[in-house]
Amino acid sequence: MALVAPKRKRELRELADPFTVAAPSGARIRDRLRLLVSDETVLRLVGEHLGRHQRADLAERVRIGSVRAKDAQRAERKKSLTAVSSSRWAGAITRLSEDQYQLSLRCLRTERVALLRTIKAIRRRLLVPCGERRGKVRGYANQSERFQKQRRLQLLTDRLHIVEERIAAGRPSIVVGGKRLAKLRHHLTQGRLTSERWRQRWDASRLFLTADGESGAPLGNYTISVDPETGTVTIVLPQPLRHLANAPRGRYQLACTVAFRHRREEWLDRVTANRAVRYDIVYEPGRDRWYLDASWSSDKTAPPALEEIKASGQHLLAADLNADHLAACMLDPNGNPIGEPITIPLALTGPASQRDGRLRAAISELLAFAREHHCAGVVVEDLGFADARAAGRETMGRGARGRQFRRTVAGIPTARFRERLRGMAYHSGLVVIAVDPAYTTIWGGQHWKAPLQRQTKTTVTRHHAAAVAIGRRGLGHRIRRRPGVTGNHQRMVARRATGQTAFVPRPRGTASPPRTTGAPHRGDKTWRRRSDQLALFPAPQDRSGELRRGPGSFDTASDGRYRQERYSHARNAHGS
């Protein structure tokens, strides 16, 4: 008889420790500019003039390549730009060119990692014959699919060589205005655009009307200034366009005003103290509107530690992000779920602006529930599907089911949800705790779905159970309930969903003493005497002719004295 090797258990990966999410590093507010035709003409001329020189400076920065900061020739480039604009416009242009160049290099390195991961997954599956399986690796279904994957492997390998060459040379490919919009020029029918509409979007994305703030400058920015009292906006014109000035010192004042109603007090605190404020003038051709954005860096504040949050004794609200809803549950400091679990729908369909608005509405509802129940913060998963999206079909299934799963994963706005929640929770006075997302859905459904369903009247899903698992992990407790806790009587006492979070072993070899009728008891339970139980025969009467007194005719403390008197009376009657 052949011996069968025992099945090896799956090794669990190491879990990362929970942490409190830092506060937002800056703020950005917006107000509309209701321009006259003359003002709009001047802004277009300034934006096109500066945008043309900014693209030339960016091309020069790419030509220099990946060098140290002191070798990037920023001073020389800024000096040449000052002659065609101004010193502050030139500083903003060179700063933006450097930021865009470094961002492109980081994107190339991220693309290289994704390509390596995808190539490795395809090669591993190509080593397995069609229709077979070796361990956890499954071969392709047929020869046709295998041939297509071999062709895809060649394309990915060629793309990897190009990316590595660009990284080594330090010359990324940058399209000012966006590569997606540039490619859309050849597919206007699919994009439901006309050539005129596309040209408007393209020209608007290549305008440069950005002025960096400067601490100590009047109102925090010398290039674009906003008067906090009157709301008037003035900009410094480039040197070749100074003949268009309608204000002193080569400046142009717009006929409209701005108010910045959102977070106005913070903006006023900065401009009145002459602290740096950056301004961006943006044109949206879809709405045919001009906007003025103000942004600044916030003071760094250290978030409270997890020990401080647990020591405060406040509740926490745990939320599980899904493709179409948010499942949340409130927990006490001991990790016990309290109250009813809630479900907040997420209708993330339609244009991007509508999706972002619905996401913010869902987060607002979540934070309102947390404030209403005096929660200290919100616990969420530190999600990121970048690795899974890179491998795509190789690791996330195939066919209709795999396609649906990949579409679901692609529809979950993990990064946007995290950033929106961090900023909105900070302004609401709440703390955001991020935990490792490993096994929360599996273990939550295994250990918490049934107890939650017994505790509440609403329908509990595995996502609500996952929210409990997320909250317990954020508090530092184990997801699994304490073993050995016997459930309460379902008829007499409402069943609790959890036992104690700390495991206290019971002494072995001991048992609780039997409960007597005279022993006091806690709670609202009733304890019947043996004589009160139903019997086949009626209880005997006293020979003196008096009926045996019922349980309501004496109290518990006099029960022993009554039995003794009854016994003496019966003995005397028997002796006579």
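The values are calculated or read from the model by the stated rules, or taken from the named source; none is laboratory data. Not measured: the values here are computed from a predicted model. Neighbour counts run over all protein chains shown; Cβ positions are idealised from the backbone, glycine included. Ligands, DNA and RNA are excluded from the accessible area calculation, which covers all protein heavy atoms including side chains. Shrake-Rupley method; radii C 1.70, N 1.55, O 1.52, S 1.80 Å.
Please list, in order along region 121-137, the HN-Hα scalar couplings obtained from phi with the Karplus expression 6.51 cos²θ - 1.76 cosθ + 1.60 (θ = phi - 60°), rounded to whole Hz, x for Gly and Pro.
Each residue of region 121-137 in turn: 5, 5, 5, 5, 6, 5, 6, 9, x, 4, x, 10, 9, 10, x, 8, 9 Hz.
So, counting K/R as plus one and D/E as minus one, what does the shell of residues with Cβ under 12 Å around Q102 add up to? If you can, show how the numbers build up before the last one.
Working: positive: R61, R95, R106, R109; negative: E98, D99.
Residues close to Q102 contribute a combined charge of +2.
Hey, what's the Kirkwood Rh for region 177-274 if you take every pair of different alpha carbons, in angstrom? Before the final figure, lay out each step's value.
Numbers: mean 1/r = 0.0612 Å⁻¹.
Computed over region 177-274, the radius equals 16.3 Å.
What ³J(HN,Hα) values, in whole Hz, does the Karplus curve 6.51 cos²θ - 1.76 cosθ + 1.60 give for region 184-201 when θ = phi - 60°, with x put for Gly and Pro?
5, 4, 8, 9, 5, 5, 5, x, 6, 10, 9, 5, 5, 5, 5, 4, 5, 5
Mind checking the full-extension length gain between E40 and R403? Use 0.36 nm per residue of separation minus the Cα-Cα distance, one decimal, nm. Show your work: numbers first, answer last.
Values: separation 363, 0.36 × 363 = 130.68 nm, distance 4.73 nm.
Once the chain is fully extended between E40 and R403, it gains 125.9 nm.
For region 100-198, report the accessible area per residue in Å² (1.4 Å probe, heavy atoms, rounded to an integer). All intermediate terms of the calculation are to be shown ahead of the outcome.
Numbers: 6780 Å² over 99 residues.
Value for region 100-198: 69 Å² per residue.
On the protein heavy atoms, probe 1.4 angstrom, tell me the percent of accessible surface of region 179-301 carried by carbon and sulfur. The partial results should precede the final answer.
Working: 3110 of 6920 Å².
Ligands and nucleic acids excluded, carbon and sulfur give 45 percent.
What FRET efficiency comes out for E308 versus I442 if R0 is 30 angstrom and r is the Cβ-Cβ distance? Round to the nearest 0.05. Before the final figure, lay out the partial values.
Numbers: r = 31 Å, r/R0 = 1.03.
Rounded to the nearest 0.05, the efficiency is 0.45.
Give me the net charge for the shell around T189: Cβ to Cβ below 14 angstrom, other residues only, Lys and Arg +1, Asp and Glu -1. Please report the intermediate quantities before stating the final value.
Details: positive: K183, R185, R192, R197; negative: none.
With Lys, Arg at +1 and Asp, Glu at -1, the neighbours total +4.
Could you do me a favour and compute the accessible area per residue for region 268-333, 1.4 Å probe, result in Å²? Before the final figure, lay out each step's value.
Details: 2940 Å² over 66 residues.
Counting only protein heavy atoms, the per-residue value for region 268-333 is 45 Å².
If you stretched the chain out fully between Q73 and V128, how much longer would it get, using 0.36 nm times the residue separation minus the C-alpha to C-alpha distance? Spell out each step's value before the answer.
Values: separation 55, 0.36 × 55 = 19.80 nm, distance 5.33 nm.
Full extension from Q73 to V128 adds 14.5 nm.
For region 275-355, rounded, prolate or oblate, judged on the Cα gyration tensor with a ≥ b ≥ c (square roots of eigenvalues), a/c < 1.5 rounded, else prolate if a/b > b/c? Walk me through the numbers before you get to the answer.
Values: a/c = 5.36, a/b = 1.50, b/c = 3.56.
Verdict is oblate for region 275-355.
On a C-alpha basis, how far is the centre of region 228-303 from the centre of region 316-341 in Å? Whole number, if you could?
Cα centres, region 228-303 to region 316-341: 42 Å.
Assign unit charges at the C-beta atoms only (+1 for Lys and Arg, -1 for Asp and Glu), then state the dipole size of region 236-382 relative to its Cα centre in Debye, rounded to the nearest 20.
On the way: 17 positive and 19 negative charges, 252 e Å.
With only Lys, Arg, Asp and Glu charged at Cβ, the dipole is about 1220 debye.
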